[in-house]
Amino acid sequence: MRLSRLLCILFLFGLAGLRPALAQQSAPSSPYTVVMPVTDTSESQRDATFSSALAQVLARVAGGQDLRGKSGYDDALKSASGLVSQYQYQRSGDGIALQITFDRGAINHLVGQLGAPAAGVKPPVLLLVQGNDGSLLGGDSLDALAKSAAAQGYGVVYPDPTQPPDPARVAAVDPAEMAQLTARYKTGLVLLGKLHPGGVDWTLVSGGAAQSWQDLGPTEDGLFANAGAAMAARVGKQLNVIGSGTSDGKLWVDGVASAMDYAQLLNVLRGDPSVRSVTTLGAKDDGVLLEVSSSLPLNALASNLAAGGRLLQASSNHAGADASLRWLH
């Protein structure tokens, strides 16, 4: 698209203040709702489950930040029942579970009191774990990993067995493959695993970059539980940056090939809780230069945006930009 034409489109969209909803995105499940297994319906079991559920919700709403050492955290867990807006029992396999929904305003206020303002819920982590025979494992096999991730405030999703992603291309952060993951699973966070006798090789794709490690252990459940904690720690180190004020900088985004791409990009940016304002400075070819005011440093903001799946971090910065991303179609 010619520069003058794209600038005209950007100007018109800017005047209109358009923030169209993305029709292809489904509404995520509420971060304030948790389903927990229970052994009975006694009051003592219910109160204990409320406390465990509140710990998960606090981690989610704080964006995975560790609140456990904060003053008032233990007291909040003891009083979790006072923050519950509704609950109900339901069947779960051969047993029962308790679905708990906490009051949104009360949780956000509590997170602020604990010194970590609500950072927005992180996207789910797609689990691509291959068994010893090379086939992708399903939810039943990865229950220990899912529970470990949930305890750290991260949800998980599983691949469609009829059209599974290509693990090798995901590990290479292939843009076309990542674009397909975004469209289907609404995330840019992927944990890949490959089982072998006595251990697992792991690769985490987070913020548009891949990092790998190995773990050894006698049982698969133990290895999977370790992986949930290790994944959360790595994602947290990269994404859970707490700003010390307002950061202003220039963000370059290429791959913006149409007015719809631009409108959707603005929707993503303005929907991020850390972004305070966005101004278009210019455009060239399929790239857009934006002035962004954020509660996070621009590099940290770029990593968080890439984790959402619609964007990838560029290997190098565009001239004149503090951070650079690529829009995924």
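Which of the peptides 250-257, 55-62 is most tightly packed, and how do the rest follow, judged by the mean count of other Cβ atoms within 10 Å per residue? Write down the numbers at each step before the final one.
Details: 250-257: 20.5, 55-62: 24.2.
Ranked from most to least packed, the peptides come out as 55-62, 250-257.
Which entries in Lys147/Lys194; Lys70/Lys194; Lys78/Lys186 show an alpha-carbon gap greater than 31 Å?
Lys70/Lys194; Lys78/Lys186
If packing is taken as the average count of other Cβ atoms within 10 Å, what order do 183-191, 305-313 fall into, highest mean first?
Numbers: 183-191: 21.8, 305-313: 24.3.
Going by the mean number of other Cβ atoms within 10 Å, highest first, we get 305-313, 183-191.
Given H placed 1.01 Å from N in the peptide plane, which residues other than close sequence neighbours of Val129 have an amide H under 5 Å from its amide H?
For Val129, whose amide H was placed from the backbone, the distant partners under 5 Å are Leu137, Gly193.
Where does each of Tyr89, Tyr154 land when they are ordered by accessible area, with a 1.4 Å probe and the largest first?
Tyr89, Tyr154
Pairs of alpha-carbon atoms within less than 8 angstrom and 6+ residues apart define the contacts here; what relative contact order does the range 143-287 have, in percent? Write down the numbers at each step before the final one.
Details: 137 pairs, mean separation 28.8, N = 145.
Relative contact order comes out at 20 percent.
Just to check I understand the Karplus step: with θ = phi - 60° and J = 6.51 cos²θ - 1.76 cosθ + 1.60, what whole-Hz values come out for the range 219-236, glycine and proline as x?
Using θ = phi - 60°, the values come out as 10, 5, 4, x, 5, 5, 4, 4, 5, x, 5, 5, 4, 4, 5, 5, 5, x Hz.
5 Å is the cut-off here: which amide hydrogens, built 1.01 Å from N in the peptide plane, fall below it relative to Ser247, excluding neighbours closer than 5 in sequence?
Correct list: Ser294, Ser295, Leu296.
The values are calculated or read from the model by the stated rules, or taken from the named source; none is laboratory data. Bear in mind that the values here come from a model prediction, so they are computed numbers and not experimental data. Heads up, the Cβs are rebuilt from the backbone with ideal geometry, glycines too, and the neighbour counts pull from every protein chain shown. These accessible areas exclude ligands, DNA and RNA; they are computed on the full protein's heavy atoms, side chains included. Shrake-Rupley method; radii C 1.70, N 1.55, O 1.52, S 1.80 Å.
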